[in-house]
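A short worksheet on the structure shown next.
The values are calculated or read from the model by the stated rules, or taken from the named source; none is laboratory data. Not measured: the values here are computed from a predicted model. Every residue, glycine among them, receives a Cβ derived from its backbone with ideal geometry; neighbour counts consider all protein chains shown. Side chains are part of the model used for accessible areas, which takes the heavy atoms of the whole protein and leaves out ligands, DNA and RNA. Shrake-Rupley method; radii C 1.70, N 1.55, O 1.52, S 1.80 Å.
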Amino acid sequence: MKSKRTARIIAVVLALLMVFSIIWVAIDALSAKAIVTQAEIDKLREEKKDYEKRKQEIQSRINTIEFERMAEVAKKSVLDDRIILTGMEIDNINSTIDLYNELIIDKEREVGEAINREDAQLRKYMMRVRDMEENGIISYLEIIFDSTSFSDLLARLDFVGDIMQADEMMYNNLIKAREDTIIAKENLEITVQEKEAEKVLLEKKVDELNGQLDEASELISSIEATLETESELYAVESAEADRIQKEINTKVEELRKQEAAAAAASRVRGTGQLLWPCPSASYVSEGFGVRLHPVYNVYRQHWGVDIPANYGVSIIAADSGTVIISEYNSSYGNYVVINHGNGMTTLYAHMSSRGVSVGQSVSKGQIIGYVGTTGVSTGPHLHFEVSVDGNKVDPEKYL
């Protein structure tokens with residue numbers, strides 16, 4: 001009777017081991033989820049290498065005699081390209097850090113699961129050890145000596161072998177569980193270290209960007225260092241502003257003709273009530289109208305308002321409409337113009353990068369770009385203009 005009870009216990013133990021092995025395989029399959037995240041990090045690293053290569057090419061141009069012979073405004077354009085790429089590197093690093101944060105969560109989950117598996121396997125092994133201490137070799141002898149024939153003896157010997165094999169498997173599973181826990185903890189530590197390395201690199205790139213912004217601002221300041229250069233610069237800016245306004249008027253007229261056709265009946269139109277175009281900024285540093293230069297007493301027309309803001313913060317569409325210009329030039333830098341219908345357009349200049357393209361419909365409040373200092377600009381800010389029926393007007397009257 002006792003031998004049958006012992007055999008039943010051993011059979012249950014073997015069944016539990018088989019079930020545990022199936023669960024183990026299933027958990028291992030679920031753990032593979034983090035591979036996708038690591039692949040995304042590798043992709044970002046490849047993009048980072050591309051940005052570094054392009055920056056090296058720009059720096060090589062800066063280091064040449066050709067750069068020294070360029071006009072000052074043309075030099076600023078080259079510096080703008082370098083600043084834009086550094087900003088893209090910073091965005092890349094921030095995206096990498098975000099992915100590392102997700103990967104760390106996965107790794108912490110894997111460590112927890114590995115510890116739980118190890119604890120469960122240890123409990124099973126300890127139960128088996130206690131059972132062996134209580135019964136030991138006697139259980140095996142009972143199974144063998146209770147045999148009724150030679151063939152029954154051979155069958156019972158095979159059964160004892162299976163028990164011993166199951167014990168060995170249980171021990172090996174315990175060792176594997178411990179090894180998996182150690183590996184999971186090591187992988188977590190490596191991921192944390194890689195994230196910290198990215199944070200150090202981010203600080204370095206932010207310092208690099210600030211240095212480049214200072215260099216670009218010094219260049220524009222040097223252009224304004226003499227009255228003659230200041231007057232020339234003003235003439236260039238005024239001519240560029242007139243050219244852009246003519247281009248805006250032409251495109252608005254084209255859109256009006258399209259709106260008259262039935263095919264353009266669904267074109268996005270604005271409300272006429274404008275949102276503040278830079279949510280993270282709060283004031284105007286230079287308003288619309290004629291302004292007196294604080295050093296040289298030169299009067300100059302300012303066709304919009306300047307809104308100081310941190311480099312890289314979002315710029316939004318002041319109203320719904322259609323993008324009619326999205327490009328770069330030496331005066332306005334990266335700039336976007338949106339037609340809102342009813343003769344109204346808005347212009348957003350000196351962006352670090354543009355987020356919309358010509359012909360695209362945008363909603364009121366949608367992100368269309370990011371604050372920068374491209375073009376003739378001495379620091380990060382948004383230059384914002386409003387035109388009504390082809391004439392520039394004071395934006396503050398509409399905000």
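Listed values, structure above:
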{"quantity": "Qualifying strands (runs of 3 or more DSSP E) (wholly inside region 349-399; at least 2 residues being within 21 Å of the chain's Cα centre (by Cα))", "calculated": "367-371"}
{"quantity": "Test: E46 is loosely packed, with under 13 Cβ neighbours inside 10 Å, within 20 Å of the chain's Cα centre (by Cα), among the charged types (D, E, K, R) and at pLDDT 80 or above", "calculated": "yes"}
{"quantity": "Qualifying positions in region 302-320 - open to solvent by less than 10 Å² (accessible area, probe 1.4 Å) and either in a loop (DSSP other than H, G, I, E, B) or out of contact with any Asp or Glu (no Cβ under 7 Å at 6 or more places or on another chain) (or both)", "calculated": "G304, I307, I315, A317, A318, D319"}
{"quantity": "Whichever residue in region 223-234 is in a helix (DSSP H, G or I) and open to solvent by 60 Å² or more (accessible area, probe 1.4 Å) and, among such residues, is modelled with the lowest pLDDT", "calculated": "L227"}
{"quantity": "V323 being open to solvent by less than 40 Å² (accessible area, probe 1.4 Å), of a type outside the set (F, W, Y) and either at pLDDT below 90 or under 23 Å from the mean Cα position of the chain (by Cα) (or both)", "calculated": "no"}
{"quantity": "Matching residues in region 188-203 - criterion: being touching a residue at least 24 places away in the same chain (Cβ under 8 Å) and of a type in the set (D, E, K, R)", "calculated": "E194, K195, E198, K199"}
{"quantity": "Residues of region 338-351 that turn out to be modelled with pLDDT of 90 or more and either open to solvent by 10 Å² or more (accessible area, probe 1.4 Å) or of a type in the set (A, V, I, L, M) (or both), as a count", "calculated": "6"}
{"quantity": "Residues located in region 334-348, provided they are in a strand (DSSP E or B) and not aromatic (F, W, Y)", "calculated": "N334, V336, V337, I338, N339, H340, G341, M344, T345, T346, L347"}
{"quantity": "Only one of E52, E102, E66, E57 that is under 24 Å from N210 (Cβ atoms), open to solvent by 90 Å² or more (accessible area, probe 1.4 Å) and not aliphatic (A, V, I, L, M)", "calculated": "E57"}
{"quantity": "Only one of G369, G379 that is in contact (Cβ under 8 Å) with a residue 12 or more places away in the chain and closer than 18 Å to H302 by Cβ", "calculated": "G379"}
{"quantity": "Qualifying residue in region 164-180 (condition: loosely packed, with under 15 Cβ neighbours inside 10 Å, at pLDDT below 65 and part of a helix (DSSP H, G or I))", "calculated": "yes"}
{"quantity": "Residues being within 29 Å of I220 (Cα to Cα) and open to solvent by 10 Å² or more (accessible area, probe 1.4 Å) - total across region 359-373", "calculated": "2"}
{"quantity": "Per-region count, region 266-289, residues open to solvent by 30 Å² or more (accessible area, probe 1.4 Å) and at pLDDT 80 or above", "calculated": "11"}
